[in-house]
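Presented below is the structure to which this report refers.
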Number of protein chains: 2
Amino acid sequence: MTAGSLAKSLTIRDVAHRAGVSVSTVSRVINGKKVRPELETSVRQVLSDLNFRPSAVARSMVRGTTQTVGVLVEDISSAYYAELIKGIESVLERTGHHPLFKSSHWSTVLEEEALKVFLDHNVDAIIVVGGFIPETRLRELAARLPLVVAGRGGLSLGVPTLTLDQRGGAERATRHLIELGHREIVHICGRMTQEDAVGRLHGYRDAMHSAGIEVRPEWILPGDFLETSAYRAMLGFVELNLPFTAVFAANDQMALGANLALHRKGLRVPDDVSLVGYDDLPMSAYSLPPLTTIRQPAQQVGEAAAHAAHDLMTGKTPHLPEFELRLVLRESTRPLRR
Amino acid sequence: MTAGSLAKSLTIRDVAHRAGVSVSTVSRVINGKKVRPELETSVRQVLSDLNFRPSAVARSMVRGTTQTVGVLVEDISSAYYAELIKGIESVLERTGHHPLFKSSHWSTVLEEEALKVFLDHNVDAIIVVGGFIPETRLRELAARLPLVVAGRGGLSLGVPTLTLDQRGGAERATRHLIELGHREIVHICGRMTQEDAVGRLHGYRDAMHSAGIEVRPEWILPGDFLETSAYRAMLGFVELNLPFTAVFAANDQMALGANLALHRKGLRVPDDVSLVGYDDLPMSAYSLPPLTTIRQPAQQVGEAAAHAAHDLMTGKTPHLPEFELRLVLRESTRPLRR
DNA sequence: TGCACTCGTGATAACGTTTTCTGCATGACC
DNA sequence: GGTCATGCAGAAAACGTTATCACGAGTGCA
């Protein structure tokens, strides 16, 4: 052990030299191919003595595969994507792939940039969650490498897609309120540039329409999926003094914002106003009152996406399950008092 | 454009050929080195015609640098780490580095595995957040490559560390309750294998001790940083029928769990029981009541960690700022009614 | 005993870049 | 007009692996 030697990283060559064999043999031992037993043991000895680990970069270079999967989401840190990512992470870990997460922050240029990075780094597959990448671009990518899209609907067959029926889910949520006797139902929208938000608004309208309720334009409140937006919107709406008895927020975070706003205005949930959210974030079961919401199986979607990517990588046709959006009944809704 | 040709990825060689120059020249153009203007324009033309992008893998191979930074956290999807990650992401993006996130899920073997992956992939730096990696190992790593540790205290000087004074923060939180006149204060602990949780328990004890209050063992409730654990613990404690007027939970998620449990038992926050959390998650401002808590500047810590890593990579001595843990007064605490 | 095989080994060629080295012009200076 | 820099382009080496190829020694069978 020469002191002061700056750790010039060791190579398979050093191992070969010390074990008195060729690099080929060392490579074979590392990769579990047949080698004469006595050679194998001596190589293994050196391997562990030197604590040698082959360079993944060099490996990728020659093998043409990197064991990495690019994962593109809007925002790693937002609660919903966090769930999804957890799912992706858990299955990719088992398949020996390394996820490379990128947030696009709702910017089309960042999206394209992230894709470029993935391609440059020669990822073995890409998982795209939501976003605004044009379908043509997605198709182009899918033709080039394994690509799975989650959380977007209406894509052509060329692209394996995992879809949730946002419109149906929102319809279910709104219908729940209607079934409880509510008719004056407010909807707080998500960021309308996102497909999900649009779908949920449609679902709300569907349910209202089916029930023969005319939706007043004032009932449609703009929001951006964050607590604050719903808080402000709700506050503003209450000040209009229009009658209303229920609120359907396009996600749980906004439902929470609305919940506080209602409280500030002296309205009790669910006694005065029923409130439904969307997503079923882990914390929604612990809000006051616990939130009735539509459960999006985000983690399962993540798992399925990763599985599908794995299928694609191994040449199998990807399994693309359907997911059910369930209404989770808790305590933020109640029958309209007559 | 030959139809049906499977897209054998193009190389710098193809570009050189089509532009009628050598590969060296193409490389020079790509890297912005001096080249005869007319050659440069023709090469650039071909470059954009072919939409050529150099392989990051090959580049890493020869340059010995990958432009990636390994980031090891306990759990990507937990709310607190999400904040931190957001900070890391935002500055690394600006420096042109790509974060490689790994969750260790509180497992020492997964931690070590993640480190190996980082090393194998030849990351340019590593950021470790919390965790259980032995100090000797950290020192060893720090000697080998730029390493920044966040969220751990008491490390030797060899390792650049970003620390938050958890003990002090918890002392502040508890003192706040004491200043409001509370004396029978319950503490819901975090996962006690984690340094943070231990620090916060110490801080709680410090404050109680300074105020001359003897801590009853029953007041120390076990928890694991998740809502459910606190919910159950709180429920159980109330059933003991011991007098108490305030609760300090080791994080906001648990404060929320406790909040619901108190509600279930007919105790109002803050009228009957004052409640303080820790972290100041975005949603804590929207709970009912809005939560008084200790603000951990997670995002800023993330930013600082990334900056420090960048400093290290560029040979500068890392800037390791101190962070202040502020008490955020909201509505879950009030003076003890006499 | 000889021939065709199999098996395991080492030498060597990839993989796609950047970097170093070499060589050829061109221009400057005495 | 000859020598010496200088500038820039191409050739070749290098990065650390794996894959291909060639070879020699056994082995089985006729």
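Couple of notes before you dig in:
- Per-copy distances of the A:Gly266 label point, shortest first, in nm (7 angstrom along Cα→Cβ): 2.7
- If the segment from B:Arg216 to B:Thr95 were pulled out straight at 0.36 nm per residue, it would be longer than the present Cα-Cα gap by 38.4 nm.
- 32 Å Cα-Cα threshold exceeded, pairs from A:Lys116/B:Lys102; B:Lys86/B:Lys116; A:Lys34/A:Lys116; A:Lys102/B:Lys265; B:Lys33/B:Lys86: A:Lys34/A:Lys116; A:Lys102/B:Lys265; B:Lys33/B:Lys86
- Other-copy label distances relative to A:Gln300, 7 angstrom Cα-Cβ extension, nm: 4.2
- Spacing of the two label points (7 Å from each Cα toward its C-beta) at A:Asp165 and A:Asp14, in nm: 6.0 nm
- Label separation (A:Arg183 vs A:Arg53): 6.8 nm, computed from points 7 Å beyond Cα along the C-beta direction.
- Its relative contact order, with pairs defined as Cα atoms under 8 Å and 6+ residues apart, puts chain A at 15 percent.
- Extending 7 Å from the Cα toward the beta-carbon at both B:Arg337 and A:Leu157 defines two label points whose distance is 7.0 nm.
- Cβ-Cβ FRET estimate between A:Arg144 and A:Asn241, R0 fixed at 60 Å, reported to 0.05: 0.55
- Using the Cβ-Cβ distance between A:His319 and B:Lys116 with R0 set to 30 Å, the FRET efficiency works out to roughly 0.45.
- Amide H contacts of B:Ile220: B:His187, each under 5 Å away and 5 or more positions distant or on a separate chain (H built 1.01 Å from N in the peptide plane; Pro and chain starts excluded).
- Rounded if a/c under 1.5, otherwise prolate or oblate - the protein assembly as shown, Cα gyration tensor axes: oblate
- Cα centroid separation, segment B:55-108 to segment A:52-106 (Å): 10 Å
- Share of alpha-carbon pairs per 5 Å distance bin for segment A:7-160, given as whole %: 2, 8, 15, 15, 14, 10, 8, 8, 8, 7, 3, 1, 0
- With a Förster radius of 25 Å applied to the C-beta separation of B:Asp271 and B:Arg326, the computed FRET efficiency comes to 0.50.
Where a number appears in this text, it was derived from the coordinates with a stated rule and is not lab data. Computed from a predicted model, the values in this text were never measured in an experiment. Positions of Cβ are backbone-derived with ideal geometry, glycine not excepted, and every protein chain shown enters the neighbour counts.
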